[in-house]
Amino acid sequence: MISKLKLTNFRQHTSREFTFTEGLNLLVGANEQGKTTVIEALAYAWFGANALEQAVAEVVTWGCPLSSLKVELWQTVAGV
(Lines give C-alpha, C1' and ligand atoms only; values in the text may rest on other atoms or scores of the structure.)
Protein backbone atom coordinates (compact mmCIF):
# COMPACT_ATOMS: atom_id res chain seq x y z
CA MET A 1 0.00 0.00 0.00
CA ILE A 2 1.24 3.48 -0.82
CA SER A 3 1.18 5.68 2.27
CA LYS A 4 3.08 8.81 1.22
CA LEU A 5 4.65 10.42 -1.84
CA LYS A 6 6.93 13.45 -1.57
CA LEU A 7 8.00 15.39 -4.66
CA THR A 8 10.76 17.96 -4.84
CA ASN A 9 11.28 19.83 -8.12
CA PHE A 10 9.39 17.23 -10.14
CA ARG A 11 7.71 19.16 -12.95
CA GLN A 12 5.38 21.79 -11.38
CA HIS A 13 5.63 20.30 -7.88
CA THR A 14 8.50 22.20 -6.26
CA SER A 15 7.70 20.86 -2.79
CA ARG A 16 4.61 18.70 -2.45
CA GLU A 17 3.62 15.84 -0.19
CA PHE A 18 0.70 13.47 -0.72
CA THR A 19 -0.62 11.22 2.05
CA PHE A 20 -2.69 8.22 1.05
CA THR A 21 -5.04 6.20 3.24
CA GLU A 22 -6.13 2.59 3.07
CA GLY A 23 -8.78 2.01 0.44
CA LEU A 24 -9.61 4.18 -2.54
CA ASN A 25 -7.82 7.53 -2.92
CA LEU A 26 -8.77 10.12 -5.54
CA LEU A 27 -6.72 12.84 -7.17
CA VAL A 28 -9.08 15.69 -7.98
CA GLY A 29 -8.24 19.08 -9.43
CA ALA A 30 -8.60 21.38 -12.40
CA ASN A 31 -6.66 20.85 -15.62
CA GLU A 32 -2.91 21.43 -15.42
CA GLN A 33 -2.76 21.02 -11.62
CA GLY A 34 -0.39 18.01 -11.69
CA LYS A 35 -2.65 14.96 -11.30
CA THR A 36 -0.97 13.06 -14.12
CA THR A 37 2.40 14.17 -12.80
CA VAL A 38 1.66 12.34 -9.54
CA ILE A 39 1.08 9.12 -11.48
CA GLU A 40 4.25 9.74 -13.48
CA ALA A 41 6.20 10.28 -10.24
CA LEU A 42 4.94 6.94 -8.90
CA ALA A 43 6.13 5.22 -12.08
CA TYR A 44 9.50 6.96 -11.74
CA ALA A 45 9.80 5.81 -8.11
CA TRP A 46 9.03 2.20 -9.04
CA PHE A 47 10.75 1.83 -12.41
CA GLY A 48 13.29 4.65 -12.68
CA ALA A 49 13.98 7.03 -15.55
CA ASN A 50 12.90 4.47 -18.17
CA ALA A 51 9.28 5.03 -17.04
CA LEU A 52 9.41 8.69 -18.07
CA GLU A 53 8.30 9.86 -21.51
CA GLN A 54 11.01 12.55 -21.43
CA ALA A 55 14.59 12.69 -20.22
CA VAL A 56 15.07 13.37 -16.51
CA ALA A 57 16.56 16.75 -17.39
CA GLU A 58 13.17 17.70 -18.90
CA VAL A 59 11.24 16.59 -15.80
CA VAL A 60 13.06 18.70 -13.22
CA THR A 61 11.24 21.94 -12.36
CA TRP A 62 12.24 24.68 -14.78
CA GLY A 63 15.22 26.70 -13.52
CA CYS A 64 16.23 24.13 -10.88
CA PRO A 65 19.36 21.99 -11.04
CA LEU A 66 18.93 18.36 -12.00
CA SER A 67 20.45 17.31 -8.69
CA SER A 68 17.50 18.90 -6.84
CA LEU A 69 14.90 16.53 -8.32
CA LYS A 70 13.69 14.10 -5.68
CA VAL A 71 10.86 11.58 -5.50
CA GLU A 72 10.34 9.80 -2.19
CA LEU A 73 7.82 6.99 -1.83
CA TRP A 74 6.64 5.26 1.34
CA GLN A 75 4.85 1.99 0.70
CA THR A 76 4.09 -1.32 2.35
CA VAL A 77 4.45 -4.60 0.48
CA ALA A 78 3.34 -7.83 2.16
CA GLY A 79 3.26 -6.08 5.53
CA VAL A 80 6.80 -4.72 5.25
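Listed values, structure above:
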{"quantity": "Solvent-accessible heavy-atom area per residue, rounded to whole Å², over the chain at 1.4 Å", "calculated": "70 Å²"}
{"quantity": "Acute angle (nearest 10 degrees) that the helix 35-47 long axis makes with the longest principal axis of the chain, alpha-carbon atoms", "calculated": "80 degrees"}
{"quantity": "Rounded percent of accessible protein surface that carbon and sulfur make up, the chain, 1.4 Å probe", "calculated": "53 percent"}
{"quantity": "Solvent accessible area, Å² - residue 4, 1.4 Å probe, full protein context", "calculated": "60 Å²"}
{"quantity": "Estimated inter-spin distance, residue 32 and residue 58, nm [label 7 Å along Cα→Cβ]", "calculated": "1.9 nm"}
{"quantity": "Stokes-Einstein D (µm²/s) once Rh is taken as the Kirkwood radius of the chain over alpha-carbon pairs, at 10 °C in 1.306 mPa s", "calculated": "120 µm²/s"}
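The values are calculated or read from the model by the stated rules, or taken from the named source; none is laboratory data. Being a predicted model, the structure only gives us computed values, none of them experimental. In this analysis, Cβ positions are derived from the backbone assuming ideal geometry, glycine residues included, and neighbour counts consider all displayed protein chains. For the accessible areas, the whole protein counts, side chains as well, though only heavy atoms, and no ligand, DNA or RNA atoms are used. Shrake-Rupley method; radii C 1.70, N 1.55, O 1.52, S 1.80 Å.
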